[in-house]
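Read the structure below first, then the notes.
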Amino acid sequence: MTPDITQELLSTYAAGTATAAEAAAVRAWLAQPANQLLAQLWMQQHWDALAAIPLAGADEPDYEALLARTRLQLVPAAPRYRATQTWRRWAAAAALAVTVAGGSWLFYQGHHTPPLVVAAPYGQTRQLTLPDGSQVTLNGHSQLRYATTWPTDRPREVWLDGEGFFSVQHMPNNQRFLVHTTAGLQVEVLGTKFVVARRRDQTRVVLLSGKVRVEFDDHQQPDVLLRPGELVETHDDQPALVTHMKVHTAPYAAWKDAELVFDETTIAELATRLQDTYGLEVVVATPELNRRRVTGTVPVGELPILLQALEETFHLQATRQGNHLTLAEKP
């Protein structure tokens, strides 16, 4: 017997806990154009309600043990790797404008059913399974949208805003898998595990295993083929510069295991990570602090431990008032 499609069942399907019969019924219901507006309303209410749920409390942690595990260190200010910079003449700003303005239209033109939109609120991650069985973990303050079904004669496509870890299934017909961003580039996957991050004016692709190809909207620019342990990074304010370098991958993917890993990370970069992870407005009141570097591992749920470790290691004061955090050197 086919189950009735309700808002509760759609939320169960979006959470990945629906049975096979329920999931099939929801997909069939989503394929009906008459249901599009109601589906979009229900999904928006679902994610609004999810974002409003406060983080679950926890028992009083063992502060001494957690603090010891951070192993924060003062390290030299010099970068560990020297980037191989590839200069390219490509109109990133124009490509960005076209992608942002036309991305939604192109998605709906190419798919007859409304997309699923999956989001993760600040301070949390979210795991989901795509129609082909590929696995995605979204970092906090991130969103992914994709079609509910993928025809075998067309590429598998997703649109990412934020940061996601992808483990992509290889298909017998070598069907392409594309991750689109609003940065004038997309990532073609050749069966692999990788991280894509689109935050503010920066886009980053880090390859853990397999192969990925980074393609630019300006087709005059050659593609970048990544090997495991490599990174490609672009900045909107320097559209002619693409950085391709070898990195330690752990700091870029640890968030999927609810950890923050810092590897010679500057305080300036750490401030940005805190903003992206917790939604905090971080101000580094003492500019000299920005160049100091930190190495260590902290559970995502233990922000007070991280702040305590920073205070003790760098002789600074971390003052939090609501959603505002100020880092300043102690007098």
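Bear in mind that the values in this text are calculations on the coordinates, not laboratory data. Fair warning: this is a prediction, and the values are worked out from it, not measured in the lab. Using ideal geometry, Cβ is built from the backbone for each residue, glycine included, and neighbour counts are taken over all protein chains shown.
The length gained on full extension between Ala285 and Asp257, counted as 0.36 nm times the residue separation minus their Cα-Cα distance, comes to 7.0 nm.
For the stretch 189-331, the convex hull drawn through the C-alpha positions has a volume of 118 cubic angstrom per residue.
Spacing of the modelled spin labels on Gln169 and Gln7, each 7 Å from Cα toward Cβ, amounts to 3.2 nm. Counting charges near Thr149 (Lys, Arg +1; Asp, Glu -1) among other residues having Cβ under 11 Å from its Cβ returns a value of +2.
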